Amino acid sequence: MFTIYFIFGFVKQQHQLMKFFSLKSLLFLFIFSTGFAQQNDKPQDFLKKEFHTERRAQLRAKLPKNSVAVVFANPVRNRANDVDFVYHQDPNFYYLTGYREPNALVFIFKENQTIGNKTFNEVIFVQERNEHAEMWNGKRLGVAGAQDELGFRVAYNGGEFKSFELNFSKFDKILFENFKNDVRDTDESADLYDLIKVFKEKVSFDLIHLNNPTNDKLYNETKKRIDTKTLQKLMTNLREIKTKEELVLLKKAIEISAIGQLEMMKAMHPNMSETEAQGVHEFVYKKYGAEFEGYPSIVGAGNNGCILHYIENNKTNVGDNNLILMDLGAEYRGYTADVTRTIPTNGKFSTEQKLIYDLVYEAQEAGIAAYKIGVDMQEPNHIARKIINKGLAELGIIANENSKHNYFPHGTSHHIGLDVHDPGNYEKFEENMVVTMEPGIYIPIGSPCDEKWWGIGVRIEDDILVTKNGPVNLSVLAPRKSEEIEAAMQLPSVLSDFKLPVLD
Ligand code: GLY
Ligand code: MN
Ligand code: MN
């Protein structure tokens, strides 16, 4: 009804309207609005260009005088034959530029540089627009996009790098990280391989690399100039403290991952496969718009839960009286969560499972309480280890709390962010760090203890924000106490009615 009124109303008024809009301008409006609608049907909450511009300014402020920082995009990695892995940008490159395509490099100069009539303190080289390539693989930003959408005043196509007239020998320091060792020479012109080759020529890199001082003066000057250590340190100092824009995305990634855990608790049943359990989490990630998993999902039932980075996830039946350890994280707009829950496959912890689970929980709780500004970042690990050693001794799994054992073979705390193991200095907790707390106990079959403990593997992992008011657990949406998990596993699952025809 409303539609009919709207159309007739529009026709009646059309004559009037035409006084204001010529056919040409209406056509323009139509094309413009269609283009706009197309742009708006993509996620709009990626970091804005202002974020990346400001991060470059922060890096520039930390650079030594008369220096330049150089950062390369990630290589395209081959999966098999003519199929590549889904492209993932190098986190430092993404942090500084927002560019999500391959075959690119960025220069951030401490001081202004002038070439011809252009003065600039940063320049990006990007993939050239290419009608044929874009028909197969989708739109490229190109130089215009790098300027408009990424906010680089000076941008060039990668092919122009060779003739870029900058004399690199004038810098006291050229800062970059060691080249990745899996860069391939692809069919693409001006690919990463070519860009690195040109860069090496421009900075006389091979002279150093080959350690072949044919010209002593040039060798010594170049050696002094090239610095492949400092940039990593400077980037770590920036990235280990999250900005408010980053926290929005990281919190979203963590919430989505926690909801995945909760939905899985509801959906779990003893006949499920590890693969299906993994799929439930990953379905939730996609449902909420997360683009990737932040790392290969770990879903291990029974003894598989004792393998720290078990990623086969192919046990066809999780079993009736096992624990299942699920360590997964959604990647949302580049930021990745890292959340682990361990639950009983039949909905109820056995006596032994609960004893181990509650011990890990106690260690985790005590560790989280230490996530306070100024506390040494090793402290939660020490606290957790002490509690676990004491508990294992009390349960008779180890002889005494000082006994050497292999039941807790990893640390408890790492930064998360653009990387699941984000860079950090690991000194003292500071405001707006986001760090995991993940104690665990793993007792694989054959361990030197009573058989009743065999096959129990427990890790509980939460993502903790350090604030002025103390630790904030960002993954609380995933039930964590053993009783809360058992209660959640009684809740109905939207997946219980999801039945497919049985295939042979
Ligand atoms: N998911 C890997 C880790 O917990 O560090
Ligand atoms: Mn972790
Ligand atoms: Mn993890």
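The values are calculated or read from the model by the stated rules, or taken from the named source; none is laboratory data. Computed from a prediction, not measured in an experiment: that's the story for all the values here. As a convention, Cβ positions derive from the backbone with ideal geometry for all residues, glycine included, and neighbour counts pool all protein chains shown. Surface areas here come from the heavy atoms of the whole protein model, side chains and all, with no ligands, DNA or RNA. Shrake-Rupley method; radii C 1.70, N 1.55, O 1.52, S 1.80 Å.
Considering only residues that are under 18 Å from Y193 (Cβ atoms) and of a type in the set (G, A, S), which ones fall in the stretch 123-158?
A133, G158
Which count do you get for residues in the stretch 388-418 that are more than 14 Å from L359 (Cβ to Cβ) and away from ligand 2 (no atom under 11 Å from the Cβ)?
Adding up the residues that qualify gives 9.
Looking at the stretch 299-313, which of its residues are open to solvent by less than 90 Å² (accessible area, probe 1.4 Å) and either assigned to a helix (DSSP H, G or I) or in contact with a helix residue (DSSP H, G or I) (Cβ under 9 Å, 6 or more places away or on another chain) (or both)?
Matches in the stretch 299-313: V299, G300, A301, G302, N303, N304, G305, C306, Y310, N313.
Can you name every residue in the stretch 70-122 that is within 25 Å of the chain's Cα centre (by Cα) and assigned to a strand (DSSP E or B)?
Correct list: V70, V71, F72, N78, R79, A80, V83, D84, L105, V106, F107, I108.
Go through the stretch 390-504 and tell me which strands (runs of 3 or more DSSP E), entirely inside it, have 3 or more residues that are within 14 Å of ligand 1 (Cβ to nearest atom) and either open to solvent by less than 60 Å² (accessible area, probe 1.4 Å) or not hydrophobic (A, V, I, L, M, F, W, C) (or both).
Where strands (runs of 3 or more DSSP E) fall fully within the stretch 390-504 and carry at least 3 residues being within 14 Å of ligand 1 (Cβ to nearest atom) and either open to solvent by less than 60 Å² (accessible area, probe 1.4 Å) or not hydrophobic (A, V, I, L, M, F, W, C) (or both), they are 434-437, 456-459, 462-467.
Residue-by-condition table, conditions (1) open to solvent by less than 30 Å² (accessible area, probe 1.4 Å); (2) within 24 Å of Y94 (Cβ to Cβ):
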site	(1), (2)
E128	no, yes
G142	yes, yes
D148	no, yes
E165	no, no
Y219	yes, no
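Look through the stretch 358-380, keep the residues that are within 16 Å of ligand 1 (Cβ to nearest atom) and closer than 30 Å to E245 by Cβ, and return whichever of them is surrounded by the fewest Cβ atoms within 10 Å (Cβ to Cβ).
Applying the filter and picking the extreme gives I368.
Okay, residues lined up against (1) open to solvent by less than 40 Å² (accessible area, probe 1.4 Å); (2) of a type in the set (K, R):
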site: K244; (1), (2): no, yes
site: L247; (1), (2): yes, no
site: I254; (1), (2): yes, no
site: G260; (1), (2): yes, no
site: M265; (1), (2): yes, no
site: T275; (1), (2): no, no
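Tell me whether the stretch 441-454 contains one or more residues that are without any contact (Cβ under 8 Å) to a residue 40 or more places away in the chain, of a type in the set (G, A, S) and away from ligand 3 (no atom under 14 Å from the Cβ).
yes
Table: residues versus (1) aromatic (F, W, Y); (2) free of Cβ contacts under 8 Å to residues at least 60 places away in the same chain; (3) over 25 Å from K170 (Cα atoms).
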| residue | (1), (2), (3) |
| --- | --- |
| K62 | no, no, no |
| S67 | no, no, no |
| V70 | no, no, no |
| R77 | no, no, yes |
| D82 | no, yes, yes |
| V86 | no, no, yes |
| Q89 | no, no, yes |
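Do you know which of the residues in the stretch 103-126 that are among the β-branched types (V, I, T) and in contact (Cβ under 8 Å) with a residue 12 or more places away in the chain is surrounded by the fewest Cβ atoms within 10 Å (Cβ to Cβ)?
I115
Looking at (1) over 20 Å from R459 (Cα atoms); (2) among the aromatic types (F, W, Y); (3) in a loop (DSSP other than H, G, I, E, B), can you tell me which one F283 breaks?
(3)
State which residue is surrounded by the fewest Cβ atoms within 10 Å (Cβ to Cβ) when the search covers only the stretch 323-357 and only residues that are away from ligand 2 (no atom under 16 Å from the Cβ) and within 16 Å of Y288 (Cα to Cα).
R333
Quick check on my filter: what residues within the stretch 54-69 are among the polar types (S, T, N, Q) and not in a loop (DSSP other than H, G, I, E, B)?
Q58, S67 - these are the residues of the stretch 54-69 that are among the polar types (S, T, N, Q) and not in a loop (DSSP other than H, G, I, E, B).
Within the stretch 314-353, can you find the residues that are part of a loop (DSSP other than H, G, I, E, B) and within 12 Å of ligand 1 (Cβ to nearest atom)?
Within the stretch 314-353, G329, A337, D338 qualify.
Quick one: count up the residues across the stretch 455-490 that are β-branched (V, I, T) and away from ligand 3 (no atom under 14 Å from the Cβ).
The qualifying residues number 6.
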